[in-house]
Amino acid sequence: ENEVIFSSSGTTGDVKLMVFNGENLVNQICCSLDMPKETKDIMYPKQYGKIKILAMIPFHHIFGFVAVFLWYTFYGKTLVFPSSNAPSEIQSICQKAGVSHVYSVPLFWDSLALAIERKAALAGPEKQALLDKMIGYYTGKITKEEAGLAGTLVARDTVQKSLLGNKIRYCISGGGYLSGKTLTIINGIGYPLY
């Protein structure tokens, strides 16, 4: 009764099953006790806003169970459950619920980055240039003056509202390799992805 089996997703190789016991899981929480003191991104005081984490990663996976379920329920934060993992549902629930934290696998972030690129390309060269400047500004490659309109909060909020909303404060990609291009695009629209 003191053991649970978790499954890896097989992202980086063969699917693996791992057995954890109560002591292992309690230690996961104990190791996170200083998290609110150490980082104001992952866990922050109430005066900075409500923490609402998207509960998308399956809880049969250790990453989803610990980093999403255990940490955030231990600290009394809100878990937001989408009705499905369809991209339109993820986008909709993030916007409607005001999700602040998104932890997912590289496939999700790669798909989001690709959608951003496609949308900008279809909107024409002016919109593409604005996106390029925004990415340059939020990744520290150009100054606010060089970015112009693309470096304003209005521009950033407009782009974010059309994606996952503008309440996102912290994102993690885990479980496999994330391309530098994807990381640049997601951080470049103002979503802090680690």
Practice item. Could you tell me whether Ile93 is open to solvent by 20 Å² or more (accessible area, probe 1.4 Å), more than 23 Å from Ile42 (Cα to Cα), modelled with pLDDT of 95 or more and not charged (D, E, K, R)? Key: no
Check your understanding: Right, Tyr170: among the aromatic types (Phe, Trp, Tyr), within 23 Å of Lys50 (Cα to Cα) and at pLDDT below 95 or not?
Key -> yes
Check your understanding: Hey, does segment 47-57 have a residue that's in contact (Cβ under 8 Å) with a residue 24 or more places away in the chain, at positive phi and not polar (S, T, N, Q)?
Key -> yes
**Study point:** Filter result for the condition that a residue is small (Gly, Ala, Ser), touching a Pro at 6+ places or on another chain (Cβ under 8 Å) and under 20 Å from Leu183 (Cβ atoms), over Ser104, Ser111
**Key:** Ser111
Exercise for review: Kindly provide the set of residues from segment 43-74 that are closer than 17 Å to Arg169 by Cα, open to solvent by 40 Å² or more (accessible area, probe 1.4 Å) and touching a helix residue (DSSP H, G or I) at 6+ places or on another chain (Cβ under 9 Å), ordered by number.
Suggested key: Pro45, Lys52, Trp71
Point to revise | Close pairs (8 angstrom Cβ cut-off, 6 or more residues apart or separate chains): over 20 Å from Lys167 (Cβ atoms) and part of a loop (DSSP other than H, G, I, E, B) in segment 97-119, open to solvent by less than 20 Å² (accessible area, probe 1.4 Å) and at pLDDT below 95 anywhere | key: Val105/Ile57; Val105/Gly174
Practice item. Could you please let me know if Lys127 is of a type in the set (Lys, Arg) and modelled with pLDDT of 95 or more? Key: no
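The values are calculated or read from the model by the stated rules, or taken from the named source; none is laboratory data. All values derive from a computational prediction rather than experimental measurement. A quick note on method: Cβ atoms are made from the backbone with ideal geometry, for glycine too, and the neighbour counts reach across all protein chains shown. Note: accessible area is taken over every heavy atom of the protein model, side chains too, but ligands, DNA and RNA are not part of it. Shrake-Rupley method; radii C 1.70, N 1.55, O 1.52, S 1.80 Å.
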